[in-house]
Amino acid sequence: MKKEEYLNLYRQMVLIRRVEERAAELYQQGKIGGFLHLYIGQEAVSTGVISARKPNDRVITAYRDHGVAINVGIPAKKVMAELLGKESGVSKGKGGSMHMADVEKNFWGGHAVVGSHLPLAAGLALGDQYQGHNAVTICMFGDGATNIGFFHEAVNLSKVWNLPVLWVCENNQYGMGTAVKRASAVEEIRQKAEGYNIPNQRIEGMDVMEVRPVAEKALKKVRDGGGPYFLEIVTYRYRGHSMGDPERYRDKTEVKKWEEEDPIGIYHNYLLKQEIALKDELDNLEMQVEAEVEEAVEYAESSPEPAPEALYENVYIENL
Amino acid sequence: MARITMREAISQALWEEMERDERVFIMGEEVGVWGGTYAVTKGFYDHFGEKRVRDTPISEAVIVGSAIGAALTGLRPVAELMTINFAFVAMDHIVNEAAKLHYMFGGQFRLPLVIRAPGGGGRQLAATHSQTPDVIFAHFPGLKVVSPGTPADAKGMLKSAIRSDDPILFIENATLYQLRGEVPDGEYTTPLGKSRVHRPGRDVTIVTYSKMVDLSTKAAEQLSKDGIEAEIIDLRSLRPLDMEPVIESFKKTNRAVLVEEGWLSYGVGAEVAARIYEQALDYVDAPIKRVAQKEVPLPYNRNLEQMALPQVEDIVKAVKEVL
């Protein structure tokens, strides 16, 4: 990787973190409605995986989608505007936190019923296979999604039809408040892929430098016609499942332990230690990100509400 | 005009659209090697090959879900559910995904998707395999729900559905596959979302769709012998619901009988009656009557099953009551 690429990974992770910290504040102020599921702690996963994709590779994820949205290249201001329900939001204010998508960035959402997007991912990959596109569909989902039937139907079909899908399980160790061992028959989620005869790997997900090369190799395997591949990436979310989660299911010391493995801190140290960047450069980058986030908030706050006519727009393409 | 069965009409529509557009493909349980559980896709696998005639595992959620995904990439899948009763297994993908994605992502997503599914009772398949749950799906904005009652409409509407960019649930009736009817020669399509006058008449308006068009026609023929001329409106589409021909007819007859195969409560008849009262109250000369399935899960026993399903005599009786 060139220096610019190394710095960009850092920039992305810091941007996601700052956008979400500001979003949490705006939520407390009542400016963001509904649910808000923060990705804080998991940044290295989607940053490592998505930075390894080619532009024609598709990305689809679950409702914890802000990090993915930023990593596919949606500007922070479009994400922030969507959180505030504005017309200028990436989904025109109709989707909110859980439903962001940008077709131009090959990002297919933002799906909020656990596991429901896995069958869609199989279909996206089928579309590419059918049309002879040399593209991979990257489907990200949590550990909780692997206990629902959709997961099993989709993963099975991907193998039966040899579909170009990279299944990425972001194992943050809790499905809402239920620990993996209390909900899943196997604690190593990758064993489920094993059951479908899909090549798989389980890696730690707090170090972007560990995630990125594994994702590159996995994408190459799928792209070369190897059929589906399954990555389990072990990570941790520092915040609650969504805002207002009392977190009775885990110990503060556990959270603290994982906070010491902060993906941004780890990567910061890596960049300095490997002499890829100087501390000043990283400080500078952080300041740029802070400014970008403040601009995003201003943009979102000053954007107009959707016009009343928007209520009836886009129910159908052809109104009969 | 050729006289063909409903099965042939649907099969022809699929065949013609697949010949016409490389992006159209079919997927579902036993659509390929088997030739379709109702033989609708017989011969397709040999002609079009396994890429375009795709046998799936018995996995309804991924049949519908992956068809949605494929549609998002620009393909035009026709996903077949062996029966509409299995649509419940794929409910999330029909109502939470197909019906929502275009709207929820601000108009970015296009889903040129057709889901075909036969329903209906009368074949002694008991409660889980005999339902007519059409209204459940018609409840959701974002989905289009159509259900033809004649071979001509089945062929023309399915071709329109395949060419449409919106997600469409195309509901067939398994006991209608042998029904014969005239079909126009050559290439034609039939617009979706339009009701039509199936049989003109002056005395009473019968509003119905799908299999009940045939039963209502038989009832009208009996009534005609008594000098009663019923006008039959075939809705053809439940969402959107085109009330124009219904209101026009009602303003002439001032009396209506609403006939559907599904259950009475919260049914098509309830919706149509409400709209007639809203739009043509001044023209009402008699309370509107509904004919529908009895409020029980359909039993296996032939006599009991027939007791629960709407019959020609029920329609005749209802018409006489509103006159």
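Every number in this text was worked out from the coordinates using simple rules, so none of it is lab data. Quantities reported herein were computed from a predicted structural model and do not represent experimental measurements. Note that each Cβ is placed from the backbone with ideal geometry, even for glycine, and that neighbours are counted across all protein chains shown.
Listing for the model above:
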item	result
Fluctuation leader among B:Ala127, B:Ala161, B:Ala256 - chain B, Gaussian network, Cα springs under 10 angstrom	B:Ala127
Residue order, fewest to most beta carbons within 10 Å, for A:Leu124, B:Leu143	B:Leu143, A:Leu124
Given charges at beta-carbon only (K, R positive; D, E negative), |dipole| of the protein assembly as shown in Debye	1180 debye
17 Å Cα-Cα reach of A:Lys105 towards lysines, excluding residues that sit fewer than 8 places from it in its own chain	A:Lys54, A:Lys77, A:Lys78, A:Lys92
Segments B:146-152, B:6-12, B:217-223 sorted - mean Cβ within 10 Å per residue, highest first	B:146-152, B:6-12, B:217-223
For region B:2-183: relative contact order, % (alpha-carbon pairs under 8 angstrom, 6 or more apart)	28 percent
√(5λ) per eigenvalue of the Cα gyration tensor, the protein assembly as shown, largest first, Å	52, 26, 21
Gaussian network model of chain B, Cα within-10 Å springs - most flexible of B:Met82, B:Met212, B:Met104	B:Met104
Kirkwood-Stokes translational diffusion coefficient of region A:3-304, alpha-carbon pairs, 20 °C, 1.002 mPa s, µm²/s	111 µm²/s
Cα-based equivalent ellipsoid of region B:43-157: semi-axis lengths in Å, sorted from largest, via gyration tensor	22, 20, 15
Bridge type composition, region B:196-322 - antiparallel percent by DSSP, nearest 5	20 percent
Burial order of peptide ranges A:25-31, A:149-155 (average beta-carbon count within 10 Å, highest first)	A:149-155, A:25-31
Residue with peak Gaussian network fluctuation, chain A [Cα springs, cutoff 10 Å], from A:Tyr299, A:Tyr174, A:Tyr130	A:Tyr130
Rg/Rg_globular for region B:162-236, with Rg_globular taken as 2.2 N^0.38 Å and Rg from C-alpha atoms	1.28
Bridge type composition, the protein assembly as shown - antiparallel percent by DSSP, nearest 5	20 percent
Cβ crowding within 10 Å averaged over residues, with A:219-227, A:280-288 ranked highest first	A:219-227, A:280-288
Hydrodynamic radius (Kirkwood) for region B:196-322, which is based on Cα pairs only, to one decimal in Å	14.5 Å
Hz values of 3J(HN,Hα) by residue in region B:303-317 - Karplus curve (6.51, -1.76, 1.60), Gly and Pro given as x	5, 5, 4, 5, 4, 7, 8, x, 10, 3, 4, 5, 5, 4, 4
Where the Cα pairs of region B:106-247 fall when distances are cut into 10 Å bins, in %	11, 38, 35, 14, 2, 0
In region B:254-323, the GluC sites (Glu not before Pro) that fall in loop regions by DSSP, at most 11 other Cβ within 10 Å	B:Glu295
Average projected area [Cα convex hull, chain B], square nanometres	16.2 nm²
Cα-based reach from B:Lys252 at 23 Å (exclusive), listing lysines while leaving out same-chain residues under 8 positions away	B:Lys194, B:Lys218, B:Lys225, B:Lys289, B:Lys317, B:Lys320
Within region B:173-250, chymotrypsin sites (Phe, Trp or Tyr not before Pro) in DSSP loop having at most 14 other beta-carbon neighbours inside 10 Å	B:Tyr188
Net charge contributed by nearby residues that have their C-beta within less than 14 Å of B:Tyr45 (K/R +1, D/E -1)	-2
